[in-house]
Amino acid sequence: MDAVAKASCTTEDRIGVLEELLNERYSVRAFLPQEVPRETIEHILKVAQRTASWCNSQPWQVLIASGEAKEKFRKAIYAEAASGAKDDHDFTPPREYLGVYLERRRESGFQLYNTLGIIRGDKMAYAKQALENYNFFGAPHVAVIHTDEPLGIYGAVDCGAYVSNFMLAAQALGLGTIPQAALARHSGLIRRHFNLADDRCVVCGISFGYADHAHKVNSYRTSRASVAETVTFVEE
């Protein structure tokens with residue numbers, strides 16, 4: 001095999017691995033209780049740390065709760081969420097979903113509810129399922145991603161890239177993940193619970209561990225828009 005052919009083969013292999021990981025990854029909503037070895041978690045973190053960032057600022061800070069610490073946090077944030085406490089975001093959430101964004105959101109939600117046998121329009125069941133975010137869907141570990149307030153939206157965008165790479169690294173190592181904006185609705189509680197400084201802004205959480213593949217909630221997959229729906233080529 002000549003050098004050109006070898007290089008081409010290697011390139012196809014590399015993009016193939018990435019495509020495989022992206023196609024396999026999904027938001028896990030039922031985990032096994034088995035904890036992930038510390039060396040595996042540290043491997044994920046080492047890989048994710050290579051994430052590109054604005055001016056190489058690497059603005060993410062990651063707090064990982066496991067064991068009893070995770071359980072104490074779970075009880076605290078679940079109690080606040082279940083109490084109906086007012087949202088306490090650090091970053092302004094979407095004002096509303098319109099058009100195709102609303103359609104995609106509804107499709108995803110109805111897939112979840114249909115899989116769980118929740119009748120369309122059953123708001124009490126919707127709310128009960130939403131609260132499972134604060135049980136971390138049974139995950140043995142939860143990460144909280146936070147950034148420095150003066151960096152504003154750029155810091156948050158960089159953290160989003162970090163979250164994506166964290167999830168892909170976890171997928172490559174046989175783990176499941178779910179990114180959770182829901183946790184950021186209680187940013188004040190998170191700062192108080194973990195004694196974070198006032199200038200730390202919570203971006204999201206990531207619950208992770210070994211997926212319970214036998215649970216029906218993990219059986220559906222969301223769709224993706226086509227390139228034609230999301231990209232405009234300008235050539236003249």
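Looking for whichever is at pLDDT 95 or above and in contact with a helix residue (DSSP H, G or I) (Cβ under 8 Å, 6 or more places away or on another chain) here; the options are Y101, Y78. Which one fits?
Values: Y101 fails: in contact with a helix residue (DSSP H, G or I) (Cβ under 8 Å, 6 or more places away or on another chain).
The unique qualifying residue is Y78.
In the range 73-99, which residues are in contact (Cβ under 8 Å) with a residue 40 or more places away in the chain and assigned to a helix (DSSP H, G or I)? Quick ask: steps written out before the conclusion?
Step one: filter the range 73-99 for residues in contact (Cβ under 8 Å) with a residue 40 or more places away in the chain, giving 73-74, 76-78, 80-82, 85, 87-91, 93.
Of everything in the range 73-99, those that are in contact (Cβ under 8 Å) with a residue 40 or more places away in the chain and assigned to a helix (DSSP H, G or I) turn out to be F73, R74, A76, I77, Y78, E80, A81, A82.
Looking only at the range 199-236, which residues are assigned to a loop (DSSP other than H, G, I, E, B) and either surrounded by 11 or more Cβ atoms within 10 Å (Cβ to Cβ) or touching a residue at least 24 places away in the same chain (Cβ under 8 Å) (or both)? Spell out the reasoning first.
Taking the range 199-236 and keeping what is assigned to a loop (DSSP other than H, G, I, E, B), we get 199, 210, 212-215, 219-226, 231-236.
Listed by number, the residues that qualify are D199, Y210, D212, H213, H215, S219, Y220, R221, T222, S223, R224, A225.
Would you mention how many residues in the range 100-128 are free of Cβ contacts under 8 Å to residues at least 40 places away in the same chain and either touching a His at 6+ places or on another chain (Cβ under 8 Å) or within 29 Å of H146 (Cβ to Cβ) (or both)?
Total satisfying the criteria: 6.
Between residues in the range 170-190 that are without any contact (Cβ under 8 Å) to a residue 24 or more places away in the chain and residues that are acidic (D, E) and surrounded by 18 or more Cβ atoms within 10 Å (Cβ to Cβ), which pairs lie under 8 Å by C-beta distance while being six or more apart or on different chains?
Note: no pairs meet the criteria.
From the set of residues in the range 1-34 that are hydroxyl-bearing (S, T, Y) and surrounded by 11 or more Cβ atoms within 10 Å (Cβ to Cβ), which is modelled with the lowest pLDDT?
Looking only at the range 1-34, we keep the residues that are hydroxyl-bearing (S, T, Y), and these are 8, 10-11, 26-27.
Next, only the ones that are surrounded by 11 or more Cβ atoms within 10 Å (Cβ to Cβ) stay: 8, 26-27.
On the way: S8: 60, Y26: 98, S27: 98.
The extreme case among them is S8.
Being part of a helix (DSSP H, G or I), polar (S, T, N, Q) and over 12 Å from K70 (Cα atoms) is the filter here; which residues of the range 120-154 pass it?
At the first step, the residues of the range 120-154 found to be part of a helix (DSSP H, G or I) are 123-138, 149-154.
Those still in the list that are polar (S, T, N, Q) too: 129, 133, 135.
Scanning the range 120-154 gives Q129, N133.
Would you confirm, using the coordinates I've provided, whether S108 is in contact with an Asp or Glu (Cβ under 8 Å, 6 or more places away or on another chain) and among the polar types (S, T, N, Q)?
Details: in contact with an Asp or Glu (Cβ under 8 Å, 6 or more places away or on another chain): no; among the polar types (S, T, N, Q): yes.
No, not satisfied.
Any residue that is basic (K, R) and touching an Asp or Glu at 6+ places or on another chain (Cβ under 8 Å) - is there at least one of those in the range 52-73? Don't jump to the end; show me each part of the working.
As a first pass, look at the range 52-73 and keep what is basic (K, R): 70, 72.
Remaining after also requiring touching an Asp or Glu at 6+ places or on another chain (Cβ under 8 Å): none.
No, the range 52-73 contains no residue that is basic (K, R) and touching an Asp or Glu at 6+ places or on another chain (Cβ under 8 Å).
Is it the case that some residue within the range 39-55 is assigned to a strand (DSSP E or B) and either aromatic (F, W, Y) or touching a strand residue (DSSP E or B) at 6+ places or on another chain (Cβ under 7 Å) (or both)?
Just the residues of the range 39-55 that are assigned to a strand (DSSP E or B), to begin with: none.
Looking through the range 39-55, none of the residues is assigned to a strand (DSSP E or B) and either aromatic (F, W, Y) or touching a strand residue (DSSP E or B) at 6+ places or on another chain (Cβ under 7 Å) (or both).
Just to check your reading of the model, which residue among L168, L196 is surrounded by 16 or more Cβ atoms within 10 Å (Cβ to Cβ), in a loop (DSSP other than H, G, I, E, B) and hydrophobic (A, V, I, L, M, F, W, C)? So that I can check it myself, show each step before the final result.
Values: L168 fails: in a loop (DSSP other than H, G, I, E, B).
Within the list L168, L196, the selection yields L196.
The values are calculated or read from the model by the stated rules, or taken from the named source; none is laboratory data. Everything numeric in this text was worked out from a predicted model, so none of it was measured. Glycine also receives a Cβ, built like all others from the backbone with ideal geometry; neighbour counts cover every protein chain displayed.
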